[in-house]
Amino acid sequence: MNLLSKPTDKRSQRKNEHVQHALNQSLQTAPSDFDGVHFIHQSLPSFNLDDVNLSADLGPFRLDLPLYINAMTGGSEWTRSINGKLAAVAEATGIPMAVGSMHAAIKQPELSDSFTIARETNPNGLLFANVGADVSMEGAKTAVDLLKADALQIHINAPQELIMPEGDRNFKAWRDNIQQIAEEIDMPVIVKEVGFGMSKETLQILKNIGIKYTDVSGKGGTNFATIENSRRKNQEMSYMDNWGISTVTSLLETKPFQHDMHILASGGVRTPLDAMKCLALGARAVGMSKMMLEQVEHSGVEAAIEFVDQFHHQMKKIAVITNAKNIEELRNRPIVLSPELISWQQQRSMEQQGRF
Ligand SMILES: Cc1cc2nc3c(=O)[nH]c(=O)nc-3n(C[C@H](O)[C@H](O)[C@H](O)COP(=O)(O)O)c2cc1C
């Protein structure tokens, strides 16, 4: 029997549950920290829409669009099909794509094709493998080789593990393990959160162990505290639903590290305006998970391709009215932050980042 369809396989079952719960999570209508970041409207742009170029450098990679599909799926029949659809969107639009955690394929090679379908569908695209921080060196190498990956994402997800009844309880080996893998694997290693954001203390540790790429993946979008609580019988830890650091505040926390690290932003990016705010706050590129999942599952591949094209086009329109032709200029355009964000900076003894 093909394990892909075996309903008793716990890991496959869990991945399907995560996808189902994520799809059921309504797009956050609660106020987002993105709403506390304001560009200053410029009435007399000095260039035309066609002059805007939002291409970005991410280490060795040149991205025509500063967007990527972030890690989600693989490890089951259903998520094999999702990876195939996401890869078709990545291929058509030229944006990078990360697959979901590959531990399923590392432990059960029969499940590999639920990930490698992304490489088959998009043979020349930028693909990121994804593993957890407890992965063995051999496992990390297997994941990279299977996918013929261009970069490796290592996810750090302590709150999710702790809320998950069957989750990991051992974390102290993560730092050394991440360091050893990053030293050994000869490609960009991106340490990413999963929707809980990153503090400057975490970034300092990552910098100290030689990490050059981080994805802050902040609070405000997919919420794994809520998802794991829903999977608990009595939802005992629902009071943790608001745990984490928003994507905007995480980006503020990255400020002292932006010269030494490539910062990626994801988590609750709802609109092209949110994405432009991430870039203005120092992100090199902007990732979306749930939005892309919804697109391919509810609207289909063609609609998802159109969604990405329109998203990019609208980012360019916003560039015009901030009078920034490219990302470098955008980083120097004036922004005003809400009193809450200013207070965050003050309490965290951070350099003020409103630009006037
Ligand atoms: C269904 C689903 C599965 C996910 N699985 C993974 C995973 O396997 N590995 C990982 O690093 N992140 C995983 N994530 C987290 C995303 O990569 C991302 O960090 C998070 O969802 C925040 O982005 P969003 O608000 O755009 O969804 C998953 C997200 C979703 C929605």
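The values are calculated or read from the model by the stated rules, or taken from the named source; none is laboratory data. Treat the numbers as computed from the prediction; the structure is a model and nothing was measured. Backbone-built Cβ (ideal geometry, glycine too); neighbour counts: all protein chains shown. SASA here: full protein model, heavy atoms, side chains in, ligands and nucleic acids out. Shrake-Rupley method; radii C 1.70, N 1.55, O 1.52, S 1.80 Å.
When F47, F61, F34 are checked against the criterion of being modelled with pLDDT of 95 or more, open to solvent by less than 40 Å² (accessible area, probe 1.4 Å) and within 16 Å of the ligand (Cβ to nearest atom), F34 stands alone in meeting it. The set of residues from the range 164-187 being at pLDDT 95 or above and either part of a helix (DSSP H, G or I) or open to solvent by less than 20 Å² (accessible area, probe 1.4 Å) (or both) comprises W174, R175, D176, N177, I178, Q179, Q180, I181, A182, E183, E184, I185. Taken over the range 256-270, the criterion of being assigned to a loop (DSSP other than H, G, I, E, B) and in contact with a helix residue (DSSP H, G or I) (Cβ under 8 Å, 6 or more places away or on another chain) is satisfied by D260, M261, G267, G268, V269, R270. Residues of the range 266-298 that are of a type in the set (A, V, I, L, M) and more than 10 Å from the ligand (Cβ to nearest atom): L273, A275, M276, L279, A280, L281, A283, A285, V296.
Residues checked against (1) open to solvent by 50 Å² or more (accessible area, probe 1.4 Å); (2) within 13 Å of the ligand (Cβ to nearest atom); (3) within 17 Å of the chain's Cα centre (by Cα); (4) touching a residue at least 12 places away in the same chain (Cβ under 8 Å):
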{"position": "N122", "(1), (2), (3), (4)": "no, no, no, yes"}
{"position": "G125", "(1), (2), (3), (4)": "no, no, no, yes"}
{"position": "F128", "(1), (2), (3), (4)": "no, yes, yes, yes"}
{"position": "V131", "(1), (2), (3), (4)": "no, yes, yes, yes"}
{"position": "G139", "(1), (2), (3), (4)": "no, no, no, yes"}
{"position": "K148", "(1), (2), (3), (4)": "yes, no, no, yes"}
{"position": "L152", "(1), (2), (3), (4)": "no, yes, yes, yes"}
{"position": "Q160", "(1), (2), (3), (4)": "no, yes, yes, yes"}
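Comparison of P66, P31 shows that the only residue that is of a type outside the set (K, R), under 20 Å from D274 (Cα atoms) and free of Cβ contacts under 8 Å to residues at least 12 places away in the same chain is P31. For the range 335-348, a residue qualifies if it is surrounded by 15 or more Cβ atoms within 10 Å (Cβ to Cβ) and touching a residue at least 24 places away in the same chain (Cβ under 8 Å), and the qualifying residues are I335, L337, S338, L341, W344, Q345.
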